[in-house]
Amino acid sequence: MSSKDVRPSSAQSRQAWGLDPYASGGHARPDNQFDFGGPRDDPDLPSAMENDMYADSEPKRNNDVSPTTPKKSGGCWSCFTSGLRSLWATRQTEETKGNRELHVKTTLRELIIYLVFLVILCVVTFGMTSTTMYYYTKVMNDLFLDTVHSGGGTFRSITNVNDFWKFAKKPLLDGLYWETWYNNENVPNEQLGYIYYENKLLGVPRIRQLKVSTNSCQVHDDFKDVIRECFDSYSENLEDKTSEVSHANYTGWTYQTESQLDGSSYWGMLTTYSGSGYVQDLTGRKNTSAETIDYLFDNLWIQRGTRVVFIDFTVYNANINLFCVVRLVVEFPATGGAIPSYTFRTVKLIRYVTVTDYFILACEFIFVMFIVYYIVEEAIEIKKHKLSYLKSMWNILDIVVIIIAILCIVFDIYRTIVVDNKLKELLDNPDKYADFENLSYWQTRFDNAIAIAVFFAWIKIFKYISFNKTMTQLSSTLGKCAKDLAGFAVMFFIIFLAFTQLGYLLFGTQVKDFSNFQNSFFTLFRIILGDFDFHQLEAANRILGPIYFMLFVFFVFFVLINMFLAIINDTYSEVKGDMANQKNEFEMTDYFKRGYMKMVDKLNFKRDKIVDIQKALKNADINQDKQLDFEEWRQDLKTRGYADGEIEALFAKYDMDGDRVLDESEQKKLQADLNKEQDALNKEYEHLEKSGNRPGTARRSSSRVSFNDDSGEDSDDEDSGTKSSRSGRASNGVSYEEFTVLSRRVDRMEHSIGSIVSKIDAVLVKLEAMEKAKLKRRETMGKILDSITETDGNSDEAKREQMERLVREELERWDSETSFSPSGRGASPSSGTSARGVRSRSRPGSGQNEPVSMEGK
């Protein structure tokens, strides 16, 4: 019996491997590897179970059974829920540890989705800002901070009340009101109210001051008779809230609360100031505003108790759609003098004007959808991992980014509503102060928050590229030396804070960099980086200054910093050594290469099938009658390794009349379909060539031929290409079609090995039986010798007859036993040989040697 007769069918092969869903009900549905009627629906899975192959065929002959339609495992709802769940499939929600392929796909999917989210976030963020903002701020800075007044100074150089009034009377008014052209011609009334002729002044400017009450501090008893008034440093509970009614047309002497002004507190250079105070609004014309400032100057509006003066106004540039909210601050400390400061907030409060703005609006909607997506994703992960979810730094980072994004979304809606209301109110009352201070403040906080979110979002990329050991060096190094760094940080900050306090106490009264504890702290960090002024320290204290500097440099710079670097370097060396012995979790390049090779394998495999069918059309018609009957077709394709179901499927598809014969027209139709499919393959190969990759020569699927098939006619030149290409792709896995073919070969091998094992078992049983027979022969010979010894008185002739009788009885008993093999050849040769041995030595005079000779045989 040849191996060809016992070769299992494809259905048996699939049943053996658990791949046949219809193993219990007849034939498996045939593979559609011969179906060339159209493209596959799913290129990744072989659509081997297509019913349409049997659609036009007649009922199956012989033992072929029509395939049945499989029952669906679930309804539409289960498909919907599984598809919905797959949207949020991550490495933390799916069991990917034992499935390398799933781990790779999940990581790639997460990375691609996150990169899209990152792009949208960057578009939204950078759509809010531009380099124009910097130049707008610089222009306003130069105008109000660097314009020289009559005394030769600028706003930056204000040191006393007199300097403030000089600035207010000239640079401030000239900057706010541009009422003449450069040729001294008057600007038309409809064009008034523009700074630099381009920036619309919204509403009117406002001047506000805060004062402390008289005798707000305590004078020592020795000076009470000399010093009769005392004004403490600013504090909200020491504010002077008295109002004067003698200035009927001016509000600068009337105290108004923070709620009345709808103001907010301000963090100045010396302290934090409330939003209340004495307020005087200017007008929309320069001459009337100058009169107001002169009146304030003449009536000593700024007094000894004044601690701060604010100048607020807002401008809008329609050319670039930007607001600039300006606040000029002059603080008057209790020590006397003046300290100027300022804020220029250039913000984009009207968001949607141009086409680009509306594109950003669309991106913002997509951004909101992404945030909802990630909220659901994190909720699923929290539900699955409970409190252990917080053990991962990346999960905490995800929560931070989501919270910041939600706050930004809420503020974005709030800002849009508030700006619309403020602009409507401003247009209805153009001569009132436009308070954009609080809104611009929160807009800058919004910009800062979204900038932090973008920063964290970029850092989060390491979460998805940590599969590569090179990418984990930073996190591994920091994680491994965290305990050492924590111990070092305690020691470092003890010494560093000790030097901070020492510097503040030694030089705080003379050196600005050490004027308070905070400045002293950051000044020491600047010294570490090489930014220091040694001569200031030396001038402040000629002895302790140099000693302080040298001790700090020695202990902090030479000792502590080098200890810090040593900890990092040692840990990094350990991490590098550990990683050198580790393999990457997976290589992304290998994954893409494997995907590419699978695509190439499918093309080659498909081309091989086309070649096989073309050869079958050419060679199967043995009698050359141009009528290809099913047996000829089946015999040819069987030699090429195809299963009966596959052969029947293709034949039935093109056997239109159902006569089990492909006539000439049907063969032409099959050949035409083959040509179309071959043209499609050629186009795919051309596409691969354009991309710089050529899959090589067609691979001969020699694995489809059984072990003992004599298919010499199929072993053409393509076999050499088969071996090389197969060996070259061995490490990259095989396609599903190749796996199916290989499973058939394994089934055949199992069948062959099974017969070999059964023969080996028969041989072992035979050897065991022979060993038992040998023992029985020895026992029989012993009995014969014992009987001969017991009859010593008899003659030799009697002894010989007795021995011959006993031997023949024993031989007859052996022949009567069941033989070892089915043919009964197990004992006969040995029996015959034994008999011949006995007979050849049963001569007179040789009785003593007969038992030995027989045992030797």
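The values are calculated or read from the model by the stated rules, or taken from the named source; none is laboratory data. Every value quoted in this text rests on a predicted model; they were computed, and no experiment measured them. Every residue, glycine as well, gets a Cβ built from its backbone with ideal geometry; the counts of neighbours run over all protein chains shown. Please note that ligands, DNA and RNA were not included when accessible areas were found on the heavy atoms of the full protein model with its side chains. Shrake-Rupley method; radii C 1.70, N 1.55, O 1.52, S 1.80 Å.
A Cβ distance below 9 Å, combined with a sequence gap of six or more or placement on separate chains, defines the contacts here; from the stretch 271-298, residues that are more than 12 Å from Gln209 (Cα to Cα) and in a loop (DSSP other than H, G, I, E, B) reach residues that are acidic (Asp, Glu) and open to solvent by less than 60 Å² (accessible area, probe 1.4 Å) in the pairs Thr271/Glu331; Arg285/Glu179.
If I go through the stretch 248-270 residue by residue, how many of them are part of a loop (DSSP other than H, G, I, E, B), touching a residue at least 12 places away in the same chain (Cβ under 8 Å), over 24 Å from Trp442 (Cα atoms) and open to solvent by 20 Å² or more (accessible area, probe 1.4 Å)? Of the residues in the stretch 248-270, 3 are part of a loop (DSSP other than H, G, I, E, B), touching a residue at least 12 places away in the same chain (Cβ under 8 Å), over 24 Å from Trp442 (Cα atoms) and open to solvent by 20 Å² or more (accessible area, probe 1.4 Å).
Condition first: touching a Lys or Arg at 6+ places or on another chain (Cβ under 7 Å), open to solvent by 20 Å² or more (accessible area, probe 1.4 Å), over 30 Å from Ser233 (Cα atoms) and assigned to a helix (DSSP H, G or I). Can you find one or more residues in the stretch 386-394 that meet it? Yes, because at least one residue in the stretch 386-394 is touching a Lys or Arg at 6+ places or on another chain (Cβ under 7 Å), open to solvent by 20 Å² or more (accessible area, probe 1.4 Å), over 30 Å from Ser233 (Cα atoms) and assigned to a helix (DSSP H, G or I). Scan the stretch 507-537 for residues that are among the β-branched types (Val, Ile, Thr), closer than 21 Å to Met269 by Cβ and surrounded by 12 or more Cβ atoms within 10 Å (Cβ to Cβ) and the total you get is 2.
Looking at the stretch 139-181, which of the residues that are acidic (Asp, Glu) and surrounded by fewer than 19 Cβ atoms within 10 Å (Cβ to Cβ) is farthest from Thr335 (Cα to Cα)?
Glu179
Cβ-Cβ distance below 8 Å, separation of 6 or more or different chains: which pairs start in the stretch 226-240 with a residue that is of a type in the set (D, E, K, R) and end on one that is outside any helix (DSSP H, G or I) and open to solvent by 60 Å² or more (accessible area, probe 1.4 Å)? The qualifying pairs are Glu229/Thr214; Glu229/Asn215; Glu229/Arg304; Asp240/Thr214. Of the residues examined, Ile120 is one that is surrounded by 15 or more Cβ atoms within 10 Å (Cβ to Cβ) and among the β-branched types (Val, Ile, Thr).
For first residues located in the stretch 425-446 and touching a residue at least 24 places away in the same chain (Cβ under 8 Å) and in a loop (DSSP other than H, G, I, E, B), partners that are loosely packed, with under 14 Cβ neighbours inside 10 Å and among the acidic types (Asp, Glu) and lie 6+ apart or on another chain with Cβ distances below 7 Å form the pairs Asp435/Asp262. Number of residues in the stretch 452-478 that are part of a helix (DSSP H, G or I) and open to solvent by less than 50 Å² (accessible area, probe 1.4 Å) equals 10.
Can you tell me which residues in the stretch 330-363 are open to solvent by 60 Å² or more (accessible area, probe 1.4 Å), closer than 27 Å to Ser157 by Cα and part of a loop (DSSP other than H, G, I, E, B)? Thr335 - this is the single residue of the stretch 330-363 that is open to solvent by 60 Å² or more (accessible area, probe 1.4 Å), closer than 27 Å to Ser157 by Cα and part of a loop (DSSP other than H, G, I, E, B). Screening Tyr464 against (1) in contact (Cβ under 8 Å) with a residue 60 or more places away in the chain; (2) touching a Gly at 6+ places or on another chain (Cβ under 6 Å) leaves a single unmet condition, (2).
Candidates in the stretch 479-506 are the residues that are in contact with a Ser or Thr (Cβ under 6 Å, 6 or more places away or on another chain) and either without any contact (Cβ under 8 Å) to a residue 40 or more places away in the chain or of a type in the set (A, V, I, L, M, F, W, C) (or both); of these, the one that is most open to solvent (accessible area, probe 1.4 Å) is Tyr504. In the condition set (1) surrounded by fewer than 22 Cβ atoms within 10 Å (Cβ to Cβ); (2) of a type in the set (A, V, I, L, M); (3) in contact with a helix residue (DSSP H, G or I) (Cβ under 7 Å, 6 or more places away or on another chain), Ala318 is compliant with all but (3). Lys211 meets the conditions (1) surrounded by 15 or more Cβ atoms within 10 Å (Cβ to Cβ); (2) of a type in the set (D, E, K, R); (3) more than 30 Å from Val315 (Cα to Cα) in every case but one. The failed one is (3). Residue-level analysis places Lys606 outside the set of residues that are open to solvent by 20 Å² or more (accessible area, probe 1.4 Å), assigned to a helix (DSSP H, G or I) and either without any contact (Cβ under 8 Å) to a residue 40 or more places away in the chain or farther than 24 Å from Glu738 by Cα (or both).
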